[in-house]
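Every number in this text was worked out from the coordinates using simple rules, so none of it is lab data. None of the values given here were measured: they were computed from a predicted structure. Note that each Cβ is placed from the backbone with ideal geometry, even for glycine, and that neighbours are counted across all protein chains shown.
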């Protein structure tokens with residue numbers, strides 16, 4: 001079950017006695033836990049119990065789940081870092097997994113138990129994993145695919161009562177990647193800037209979103225290969241002021257053009273983005289970006305740019321040209337090859 005499907009189910013009031021939420025996207029897991037808190041026991045601290053498997057044996061949580069709720073229909077028991085579902089070793093050696101298994105095989109109708117696991121997979125050979133799959137909901141929260149990421153951003157902006165343009169979404173993903181915690185923080189900041197019912201545009205992203213040095217370099221390369229000379233030159237100067245070597249920036253441009261050429265060749269053979277990613281070892285989203293960038297170039301133009309960059313590298317290393325000058329001249333001449 002996907003994140004979106006689970007959230008829709010919870011909003012409809014369809015609840016299960018047991019949830020095992022695992023994966024590396026802790027923000028999504030936290031959002032599901034918060035949704036379950038609101039659905040099961042909103043503002044009821046007496047019947048909401050929290051445990052951490054590094055601090056408390058699992059049987060303590062099981063006892064609370066078996067206890068009848070106090071002046072309420074349901075108890076919510078939240079258990080963090082339930083590594084018992086994986087092959088990882090727990091810091092504690094006093095967990096009674098048999099007690100957990102018995103509970104999962106016959107969960108209490110007056111409790112909802114939520115177990116979270118920071119792992120990209122569960123050990124499906126374990127009896128407790130099989131019992132949870134049979135009597136509850138087990139869901140993975142792994143890095144979102146591109147369309148899921150776009151949908152998540154749109155939903156987040158709806159919650160923040162602003163809208164966002166497609167270009168702004170593309171730029172935001174380009175700058176922040178798929179880090180949901182970072183994306184959430186930046187969206188909240190931009191929503192305050194846009195104001196209620198306002199619109200987050202590409203320029204808003206450029207103005208407000210914080211970037212790391214690696215992200216600045218990535219944006220610089222994107223501007224360069226998309227032939228946006230003024231922005232590329234401005235970013236180049238900023239990066240050089242930040243002590244980034246011009247020869248390294250040339251290397252990053254060369255790397256990206258090589259990926260663009262690979263994607264162009266493989267896509268012409270009918271390969272999907274996923275297949276291209278497997279063959280090149282490049283992340284699927286990066287392959288998609290490279291494919292979009294390559295649309296303005298012919299295969300011959302990309303090959304010519306790589307040959308030119310090889311010549312520039314030779315001239316820099318033999319002292320025939322200064323590296324910054326070579327970078328500036330290459331940026332200004334790129335459009336001639338498109």
- Distance between segment 9-73 and segment 222-251 - C-alpha centres, whole angstrom: 49 Å
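Please give the length that would be gained between residue 1 and residue 314 if that part of the chain were fully extended, namely 0.36 nm times their separation in residues minus their C-alpha to C-alpha distance (nm, one decimal).
Difference between extended and current length: 107.3 nm.
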- Task: Report the FRET efficiency, 1/(1 + (r/R0)^6), for residue 98 and residue 242, where r is their Cβ-Cβ distance and R0 is 35 Å, rounded to 0.05.
- Result: 0.05
- Least to most buried among 29, 316, by other C-beta atoms within 10 Å and fewest first, runs 316, 29
- Message: Given contacts defined as C-alpha pairs under 8 Å and at least six residues apart, what's the relative contact order of segment 146-208, whole-number percent?
- Response: 44 percent
- Message: Angle check, please: helix 146-159 long axis (alpha carbons) against the longest principal axis of the chain (alpha carbons), in degrees 0 to 90, nearest 10.
- Response: 70 degrees
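Based only on the alpha carbon positions, what is the Kirkwood hydrodynamic radius of segment 260-338, in angstrom? Don't jump to the answer; show the numbers that get you there.
Working: mean 1/r = 0.0722 Å⁻¹.
With all distinct Cα pairs of segment 260-338 included, I get 13.9 Å.
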- Message: As I understand it, the value is the acute angle between the Cα axis of helix 246-268 and the longest principal axis of the Cα atoms of the chain; what does it come to in degrees, rounded to 10?
- Response: 70 degrees
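Would segment 195-338 count as rounded, prolate or oblate if I go by the C-alpha gyration tensor, calling it rounded below 1.5 in a/c and otherwise prolate when a/b exceeds b/c, oblate otherwise? Mind showing how you got there, number by number?
Details: a/c = 1.88, a/b = 1.06, b/c = 1.78.
Verdict is oblate for segment 195-338.
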- DSSP bridge pairs, the chain: antiparallel proportion in percent, nearest 5: 0 percent
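Return 334, 233, 1 ranked ascending by Cβ neighbour count within 10 Å, so the fewest neighbours appear first. Walk me through the numbers before you get to the answer.
Values: 334 21, 233 17, 1 11.
In order of increasing Cβ crowding within 10 Å: 1, 233, 334.
Output needed for segment 3-140: three equivalent-ellipsoid semi-axes, defined as square roots of 5 times the C-alpha gyration tensor eigenvalues, in descending order, whole Å.
Those come to 21, 18, 14 Å.
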- Compute the separation of the alpha-carbon centres of segment 77-138 and segment 286-338 and state it in Å as a whole number. 54 Å
- Using R₀ = 56 Å, calculate the FRET efficiency as 1/(1 + (r/R₀)^6) where r is the Cβ-Cβ separation of residue 296 and residue 56; round to 0.05. 0.45
- Averaging sequence separations of C-alpha pairs under 8 Å and six or more residues apart, then dividing by the length of the chain, give the relative contact order as a whole percent. 14 percent
- Only helices counted: for the chain, with every DSSP H run of 4 or more residues adding -39500 (n - 2.57) and the sum spread over all residues, [θ] at 222 nm is -18000 deg cm²/dmol
- Please give the helix 284-294 orientation as an angle from the longest Cα principal axis of the chain, in degrees from 0 to 90, rounded to the nearest 10. 30 degrees
